[in-house]
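Taken together, the values in this text are just the output of simple stated rules run on the coordinates, not laboratory data. It should be emphasised that the depicted structure is a prediction, and the values quoted were computed from it without experimental measurement. No Cβ is skipped: glycine too gets one built from the backbone with ideal geometry, and neighbour counts run over all protein chains shown.
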Amino acid sequence: MAAKTHLFPCLSDNFCVLIHDPATGATASIDAPEAAPVEAALKETGWKLTDILVTHHHADHTAGVGELKQKYNCRVVGPVSDKFRAVDETIREGQTLKVGNLTGRVLETPGHTLDHISYIFDADKICFLGDTLFSIGCGRVIEGTPAQMWNSLLKLRALPDGMQFFCGHEYTQANIKFALTIEPDNKALVARAKEVDALRAAGKPTIPATIGAEKEANCFLRADIASVAAAVGMAGKPAADVFTEIRARKNKF
Ligand SMILES: [Zn+2]
């Protein structure tokens, strides 16, 4: 049976999402920004929390973990991290995990933080990317280097086009404003802008999005495209350097 997901807002602009295995009833929360909205989501869906999958140590992704663990006695899986150690099991790239009968694997995606990992459920064509890839954006490079972040984004860009991704924040509209300064004539980006404006006007989330659509419209995944390099005055320069320049411009935007 295919996985079900349930997306809901937390804090001011965080997303949290549950992934549920209908065959076994197992349910994982991807991160836990705060306990109360996760509990409300469990009540609404009737699902029972069995696992929390942590993407990285930041408090706006982990502050609810302790309380939920205590209440539901769920398993906490997370990255090898010297900043967030309240996990039952650590997981590294190349290892798999089970949520009921669902099988996930991990990609190590450092850059935003050094401990950042992403969870990929290949058979269900769903992945959870935390603060590495946002729709039409990417996470701020806080602990790693821009080159490391670019390498992490390349791993995510290599996922199948049809794979849906969830991310940790609703930043899409602001990201599009910036992306249009880099690629004002990108038709996929202009179309995504219209779609996102309509979704936000209706009070709806702009994710999940697909990897394939993102490759067409997200300038942070397009640093190795000649027209993007040229747009920031870096024709012929290495992609990691072009990415670094785009990320620096976004920080000042
Ligand atoms: Zn973060």
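Given +1 at the Cβ of Lys and Arg, -1 at the Cβ of Asp and Glu and no other charges, the dipole of the chain around its Cα centre is 280 debye to the nearest 20.
Taking the number of Cβ atoms within 10 Å of each Cβ as an exposure proxy, the fewest-first ranking of D88, D185 is D185, D88. Full extension of the chain segment joining A174 with F8 gains 57.8 nm, where the gain is 0.36 nm per residue of separation less the Cα-Cα distance. Cα convex hull, segment 59-185: 126 Å³ per residue, rounded to a whole number. Against the compact-protein benchmark of 2.2 N^0.38 Å, the Cα-based radius of gyration of segment 52-101 scales to 1.11. Extension gain for R85-D224 works out to 46.4 nm (0.36 nm per residue, less the C-alpha to C-alpha distance). Calculated mean residue ellipticity, 222 nm, the chain: -10000 deg cm²/dmol, from DSSP H runs (n ≥ 4) at -39500 (n - 2.57) each, averaged per residue and rounded to 500. With both residues required to sit in the chain, DSSP beta bridges show an antiparallel share near 70%. Taking the fewest neighbouring Cβ atoms within 10 Å as the starting point, the ordered list for C167, C74 is C74, C167. In terms of its C-alpha gyration tensor, segment 96-253 comes out oblate, because a/c is 1.5 or above while a/b does not outweigh b/c. Note that segment 216-231 has calculated 3J(HN,Hα) couplings of 7, 10, 9, 4, 5, 9, 10, 5, 9, 9, 3, 5, 6, 4, 5, 5 Hz, one per residue in order, obtained from phi through the Karplus relation 6.51 cos²θ - 1.76 cosθ + 1.60 (θ = phi - 60°); glycine and proline are x. Diffusion of segment 3-51 by Stokes-Einstein, at 20 °C in a medium of 1.002 mPa s and with Rh set to the Kirkwood radius over alpha-carbon pairs, works out to 201 µm²/s. Mind scanning K43/K125; K194/K215; K43/K69; K4/K155 and naming the pairs with a C-alpha gap bigger than 23 Å? Checking Cα-Cα distances, K43/K125; K4/K155 exceed 23 Å. Seen from all directions on average, segment 23-122 presents a Cα convex hull projection of 6.1 nm². How big is the gap, in Å, between the Cα center of segment 6-21 and the Cα center of segment 89-125? Segment 6-21 and segment 89-125 have Cα centres separated by 17 Å.
Note on the chain: dipole from Cβ charges, positive end direction compared against L189, A2, G100; the farthest Cα belongs to L189.
Around the amide H of F166, modelled in the peptide plane, lie the amide H atoms of C127, F128, L129, all under 5 Å away and 5 or more residues distant in sequence or on another chain. For segment 154-176, the residues whose amide N sits under 13 Å from a probe point set 7 Å from the Cα of E216 along the beta carbon direction are 161-162.
Straightening the chain between K252 and E93 buys 54.0 nm, computed as 0.36 nm per residue apart minus the Cα-Cα spacing.
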